[in-house]
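Report on one structure; see the data block that follows.
The values are calculated or read from the model by the stated rules, or taken from the named source; none is laboratory data. Here the structure is a predicted model, which is why all the values come from computation and not from measurement. So basically every Cβ, Gly included, is an ideal-geometry build from the backbone, and we count neighbours across all protein chains shown. Heavy atoms of the whole protein, side chains included, go into the accessibility calculation; ligands, DNA and RNA do not. Shrake-Rupley method; radii C 1.70, N 1.55, O 1.52, S 1.80 Å.
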Amino acid sequence: MIQRLRSQLWPVCCLGVLLGLGGGVSAADPISTGTTPLSVSSVADSDRDGYPDAAELVGQDRERFADWFASIAQSQYYGMNKDWLPADRDCGGLLRYAFINALMPHDAVWRSKFKFLPRPQSGDVQAFGYPLPIISRSVFRTAGGAYQVGDIEAGKLVGRTGVQYLANYSMVRVSREMAAAKRGDLLIFIRPDLRSYHSMVYLGGGNVVYHTGASPAEGGEVRLLTVQSLLRYAERAFHPASSNPNFLGVYRWKILN
């Protein structure tokens with residue numbers, strides 16, 4: 001059992017390699033150029049985290065997003081949706097897919113694409129949906145700094161990127177202790193020897209879900225495990241513990257921070 005888990009946990013890493021992105025994905029892959037003229041106040045970034053205030057969630061919407069994000073990520077363990085394209089099926093792709101779908105209208109047509117969707121305890125996000133205000137479909141950052149008009153055209157906000165960029169620019173690190181993790185948070189790992197990053201979604205209740213990173217042709221799939229299983233059986237590089245130098249920590253999306 002131990003050997004099987006070790007062999008299955010990391011067949012291939014996800015898009016975020018240290019010297020670029022695998023799978024033919026570049027850091028700058030903008031979806032929307034956002035050319036509509038905007039007032040200075042509408043694009044304010046008070047916390048200077050790279051996201052305009054209008055595209056960040058507050059109050060109960062933070063919990064709503066995190067709940068839906070976790071449920072959608074978990075749903076792909078029971079059956080990967082057809083609109084999650086094979087080219088995007090890796091650990092970073094799971095994060096992007098769940099992020100976008102957490103903000104979509106969750107009507108009957110939307111629900112029909114799921115084989116099984118763990119029922120979220122929260123209602124839909126109320127403040128906005130996808131595409132996001134101001135930044136539209138270019139929701140992931142590839143560079144630091146406060147939000148500036150022109151970030152999309154400069155490739156600093158894109159629609160598709162890998163774990164390295166997601167962790168460094170679209171998330172904030174909360175802690176290196178699992179005790180700080182909340183439902184919808186991310187666990188980020190790094191393998192300097194492989195020049196690669198890996199990610200998992202924390203579901204709460206001591207459970208995680210992640211894509212193995214391998215391509216569909218290589219048997220890549222979504223796995224659901226307990227944190228205790230990771231700590232007991234997995235290769236040490238994937239222990240979500242502060243004693244593991246490969247564990248970068250518990251992260252949270254900036255739009256929730």
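Brief remarks on what is shown
- Computed from label points 7 Å out along Cα-Cβ, the spacing between S215 and R236 is 3.3 nm.
- Sorting the segments 92-101, 58-67, 212-221, 183-192 by their residues' average number of neighbouring beta-carbon atoms within 10 angstrom, most packed first, yields 92-101, 183-192, 58-67, 212-221.
- Once the chain from A179 to S46 is taken as fully extended at 0.36 nm per residue, the excess over their C-alpha distance is 45.0 nm.
- Note on segment 136-187: with charges restricted to the Cβ of Lys and Arg (+1) and Asp and Glu (-1), its dipole about the Cα centre is near 140 debye.
- In sequence order, segment 200-212 has phi-based couplings of 9, 9, 8, 9, x, x, x, 10, 10, 9, 7, 8, 5 Hz under the Karplus curve 6.51 cos²θ - 1.76 cosθ + 1.60, θ = phi - 60°, and Gly or Pro positions carry x.
- Solvent exposure of segment 113-196, expressed per residue, is 45 Å² of accessible area, with all protein chains present and a 1.4 angstrom probe.
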